[in-house]
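S.K.: The following block contains the structure, expressed as structure tokens.
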Amino acid sequence: MKILVAAAGRHGGTWEIAEEIGRALVSELRGSAVVRVARAEDVTTVEEFDAVLRTMKVWLFSSGPVGTPPKPAEDPVDVTRLMTLSGARGHVVFPGRIDRSLLRFGERAVVTALRVEDGDYRDWPAVRAWAGEVAAALKPARTREVSGHVERG
Ligand SMILES: Cc1cc2nc3c(=O)[nH]c(=O)nc-3n(C[C@H](O)[C@H](O)[C@H](O)COP(=O)(O)O)c2cc1C
């Protein structure tokens with residue numbers, strides 16, 4: 001099975017989440033999956049993959065909310081439409097990261113006006129747990145159901 005994890009972001013925070021999802025999928029599906037983590041803009045075809053498009057199995061993730069508790073609490077605006085277009089089986093929002101040293105002047109002005117504190121709020125256990133759920137849904141049925149059905153002669 002070939003799995004594509006594609007991500008787009010501005011300052012690398014979302015990319016590192018995609019990499020962690022990729023690592024978690026490899027470790028969960030060891031031996032039965034090849035996982036490629038790619039920048040969304042570099043993906044020109046998905047024909048070779050088993051999990052990604054409408055005829056394939058698709059999951060979506062977003063990274064954004066920052067602070068304690070993470071804000072904004074509501075879903076990104078376009079997510080319902082993206083779910084419909086992609087036929088996604090699920091969508092999750094992970095907390096993100098704000099590092100002013102990586103921001104351009106205009107972006108710094110926006111986060112300052114919104115009184116957003118710098119901080120890395122990314123929740124790695126939550127990222128891995130979500131990747132584990134995706135992996136479980138991708139596992140061939142015989143692998144998932146093997147326990148209790150193995151007979152040794
Ligand atoms: C100018 C600016 C505006 C942002 N607006 C939002 C927003 O509307 N909603 C949100 O969830 N996160 C918002 N964020 C937070 C980012 O989405 C978050 O920091 C994310 O982890 C960044 O990912 P990246 O490093 O891949 O770009 C904003 C960040 C910046 C710098």
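S.K.: Could you please tell me which pairs satisfy a Cβ distance under 6 Å, a separation of 6+ or placement on different chains, a first residue in the range 59-70 that is touching a residue at least 60 places away in the same chain (Cβ under 8 Å), and a second residue that is basic (Lys, Arg)?
M.R.: Final answer for the pair search is Trp59/Arg89.
S.K.: In the range 90-103, how many are within 9 Å of the ligand (Cβ to nearest atom) and within 15 Å of Pro70 (Cα to Cα)?
M.R.: Qualifying residue count, the range 90-103: 6.
S.K.: Evaluate the following for Gly106: is it loosely packed, with under 12 Cβ neighbours inside 10 Å and within 8 Å of the ligand (Cβ to nearest atom)?
M.R.: Against the criterion (loosely packed, with under 12 Cβ neighbours inside 10 Å and within 8 Å of the ligand (Cβ to nearest atom)), Gly106 qualifies.
S.K.: Next question. Please determine, by comparing only the residues of the range 67-89 that are of a type in the set (Val, Ile, Thr) and closer than 24 Å to Val134 by Cα, which one is nearest to the ligand (Cβ to nearest atom).
M.R.: Only one residue tops the list, namely Val77.
S.K.: Further question: Of the conditions (1) farther than 30 Å from Ser101 by Cβ; (2) within 16 Å of the ligand (Cβ to nearest atom), Leu25 clears all except one; give me its number.
M.R.: (2)
Throughout, read-outs are computed from the coordinates displayed, never taken from laboratory work. Remember, predicted model here, so these are calculated numbers, not experimental data. Cβ coordinates were reconstructed from backbone atoms using ideal geometry, including for glycine residues, and neighbour counts include every protein chain displayed.
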